[in-house]
Amino acid sequence: MSRVTTVIIGAGQAGLAMSYHLSKQSVDHVLLERGQVGNSWSNERWDSLRLLTPNWQSRLPGYHYIGEDPDDYRTMPETIAFLQRYAELTAPPLQTNTEVTAVLSHQDGYKVVTNQGIWTCKTVVLASGACNIATVPECSKNLSSDIFSITPLEYRNPEQLPDGGVMVVGASASGVQLANELRLTGRHVMLAVGEHVRVPRTYRGRDIKWWMDAAGFLDVGYDEVDDLTRVRNVPSLQLIGCPNRQTISLNSLQAIGVEIVGRLMGLDGSKAQFSGALANVCALADLKMNRLLAGIDEWVAEKGGDRAVGGPYRLRPTIVPDMPTLQCDLARNGIKTIVWATGYRPDYSWLNLPVVSPRGDLRHDGGVVTEVPGVYAMGLPFMRRRKSSLIDGVGDDAQVLSEHLRSFLDTRLAAFG
Amino acid sequence: MHTEENKNGVNVQALLDARTALESAPEAADFTWKVQAEWLNGTHTRNTISGFHGLGQEQSRGKSFTLETDHPEVFAAEDNAATPVEMVLSGLAGCLTGGIASVAENRGIRLNSVKAEIEGDMNLYGILGVDPSVRNGFNAIRVRYTIDADASKDDIEALVAQSQKRSAVFDMITNPSNVFVTVE
């Protein structure tokens, strides 16, 4: 059994940033990683994936991009190399190949059980990621065994799938990218579309992520929004990181022959039913996108007149089929595979603390798990700010939470004085 | 001085308070709506609506509403009342329009007038059993709103979109529901 003040679980961007700030706060800690640095980026992403943020926008504490292509998007090997280089430079107290199997309350702190031994500690930082498990809808269990079923966490490339058509369920970043990639191999692709967030890759000459950063949208705090549950569950932006900076949308997908249908509402063997609300989810997405663009236009008018190329414009509204398909026999229509791009959630199966809701969400106040003092989260959607789940967002959160953790330790020390 | 003004006659604060209260009492959010139906003659039926279950108990309105349904003369019926399918369209219109008023209230938008034309297309080959490939129900439903409000076109469109997103009847019509019909 080893003793340490703080255990950080997970050596991705969130754990590395927290380690950096805890070192600055002189808090002794260990950083436990089930695999190697950036494990999820190595083992749970498809081959063609690139980051959705430009290279310059992966700023970690004390570290940023200095290469020749600030506006390009990192491939997965580049992302892993970027994080590994950060780990080399910051030299955290890292224990790789160490899988946490339980976290329990223990005396006046916590016990972290791993396949490499047990640590006792006063504080724990959960930096194990927000996308450990692919969520699939309840109806997926009624799918005929003749149809191959896969989630984006397992998907690597089109060759992995049986020949034939594919239905992609979900039209957020993962779903639109996989529908695009699969359609470009010549397959018949259906895309089931629920609520989604449409944005152009570039607007008025700059990357949409540049605007969101510059205009402060990514810095909006969790205590500044009306409905925190809603913003924490907003689907990912329909974006793709391509060197040609292409915009991906339901329009671009339909232009290459992807068939769009409503949200998947029912499944019985190979018979699928889709919602008739497709037109409305598309209208909602178009309206929201236009509000975002209007917000950028306002910011340009007030503060950044020289930053935009050209004047305001709007994109073509989403084209909705005249009579979207409501029912489909997948087998008869040549669909051999379903890709469940229906979201992700964290895995807390090893967290033996009563702080996870029945839905599987960690209860926390801006990353402070208040019900169990000394436990902190990192890297969750809109945890402290809109950018909390981005590589670019973990630095600010780690700074604030490391200060909170430090003062928690100081208070406890004083109490035992 | 800014005063809190109730623009469209919807008590949004009460709805927001109810949402907060129900979040901490999930069982109170389970509602059951009830209608009693009785056949009169021909295709003429009378529906009586009074109580419902919600907030953890039976709720009585202290009054009842009557809605009758029948079919028009071209169906060789007596046309005593609207058809059930017109009731469904009315339900959709009522739900979406009430939703528009609520969302507008919440967003501080005053509505001057809200009108809608609702149409449902149906091919009778379905209910007459002429062609098994034709469904019984509507092939398509169109709702066309004309709204005069103190807001931009985009803001008005957003009201209508948000109302659909939160509408019970819109959901029931666009998505499948299990229906259990039994005989006592």
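Every read-out reported here was derived from the displayed coordinates using simple, explicitly stated rules and does not represent laboratory data. Since the model is a prediction, treat every value here as computed from it, not as a measurement. Please note: Cβ atoms are built from the backbone with ideal geometry, for glycine as well, and neighbour counts cover all protein chains shown.
Here are the numbers for the structure shown:
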read-out: From the C-alpha gyration tensor of the stretch A:241-319, square roots of 5λ in Å; value: 34, 16, 10
read-out: Lysine pairs with alpha-carbon atoms under 21 Å apart, chain A, spacing 8 or more or separate chains; value: 9
read-out: Under 9 Å, Cβ to Cβ, from B:Gly42 - net charge with Lys/Arg +1 and Asp/Glu -1; value: -2
read-out: Sites matching trypsin sites (Lys or Arg not before Pro) across the stretch A:95-192 that sit in DSSP coil, with at most 15 neighbouring C-beta atoms within 10 Å; value: A:Arg156
read-out: Relative contact order, percent, chain B [alpha-carbon distance under 8 Å, six or more residues apart]; value: 16 percent
read-out: Longest DSSP-loop-exposure-free segment, trypsin sites (Lys or Arg not before Pro), chain B, at most 10 other Cβ within 10 Å; value: B:64-184
read-out: Computed helical MRE - 222 nm, chain A, DSSP H runs ≥ 4 contributing -39500 (n - 2.57), nearest 500; value: -8000 deg cm²/dmol
read-out: Cα-based helix-to-principal-axis angle, A:13-24 vs chain A, degrees rounded to 10; value: 20 degrees
read-out: Packing-based order for A:27-35, A:384-392, A:314-322, A:82-90, using average beta carbon neighbours within 10 Å, highest first; value: A:384-392, A:27-35, A:82-90, A:314-322
read-out: DSSP-loop chymotrypsin sites (Phe, Trp or Tyr not before Pro) across the stretch A:214-321, with at most 13 other Cβ within 10 angstrom; value: A:Tyr313
read-out: Local electrostatic count at B:Gly56 - Lys and Arg +1, Asp and Glu -1, tallied over other residues with Cβ under 10 Å; value: -3
read-out: Cα-Cα P(r), the stretch B:116-184, percent of pairs per 10 Å interval; value: 16, 32, 30, 16, 6, 0
read-out: The stretch A:265-417 - percent relative contact order, Cα under 8 Å, separation 6 or more; value: 15 percent
read-out: Net charge over other residues, Cβ less than 10 angstrom from the Cβ of A:Tyr313 (K, R count +1; D, E count -1); value: +1
read-out: Whether the stretch A:183-257 is rounded, prolate or oblate, judged on the alpha carbon gyration tensor where a/c under 1.5 counts as rounded; value: oblate
read-out: Alpha carbon convex hull of the stretch A:102-216, volume per residue in cubic angstrom; value: 226 Å³
read-out: Binned Cα-Cα distances of the stretch A:358-417, short to long, each 10 Å bin given as a whole percent; value: 23, 47, 23, 7, 0
read-out: Rounded Å value of the spacing that divides the Cα centres of the stretch B:21-54 and the stretch A:210-263; value: 40 Å
read-out: Rg to Rh, two decimals, where the stretch A:66-158 supplies the alpha carbon set and Rh follows Kirkwood; value: 1.09
read-out: Radius ratio Rg over Rh of the stretch B:61-184, counting only Cα atoms, Kirkwood formula for Rh; value: 1.04
read-out: Equivalent ellipsoid semi-axes, the stretch A:258-417, via Cα gyration tensor eigenvalues times 5, rooted, Å; value: 42, 30, 11
read-out: DSSP-defined antiparallel bridges as percent of all bridges, the stretch A:1-116, nearest 5; value: 55 percent
read-out: Volume of the Cα convex hull of the stretch A:224-271, divided per residue and given in Å³; value: 169 Å³
read-out: Cβ neighbours within 10 Å from other chains - mean over B:132-142; value: 1
read-out: Listed residues B:Thr66, B:Thr83, B:Ala93: farthest to the positive end of the dipole of the stretch B:55-144 (Cβ charges); value: B:Ala93
read-out: Beta bridge orientation in chain A: antiparallel %, DSSP, nearest 5; value: 45 percent
read-out: The protein assembly as shown - Kirkwood radius from inverse mean 1/r over Cα pairs (Å); value: 27.5 Å
read-out: Lys, Arg +1 and Asp, Glu -1 on Cβ, resulting dipole of the stretch A:11-121 about Cα centre, debye, nearest 20; value: 260 debye
read-out: Mean residue ellipticity (222 nm) of chain B, computed from DSSP H runs ≥ 4 via -39,500 (n - 2.57), nearest 500; value: -9500 deg cm²/dmol
read-out: In degrees, nearest ten, helix B:84-106 long axis to first principal axis of chain B (Cα); value: 0 degrees
read-out: Mean separation of Cα contacts under 8 Å (6+ apart) over length of the stretch B:14-66, as relative contact order %; value: 29 percent
read-out: Within a Gaussian network of chain A (alpha carbon springs, distance under 10 Å), most fluctuating of A:Ala301, A:Ala11, A:Ala272; value: A:Ala301
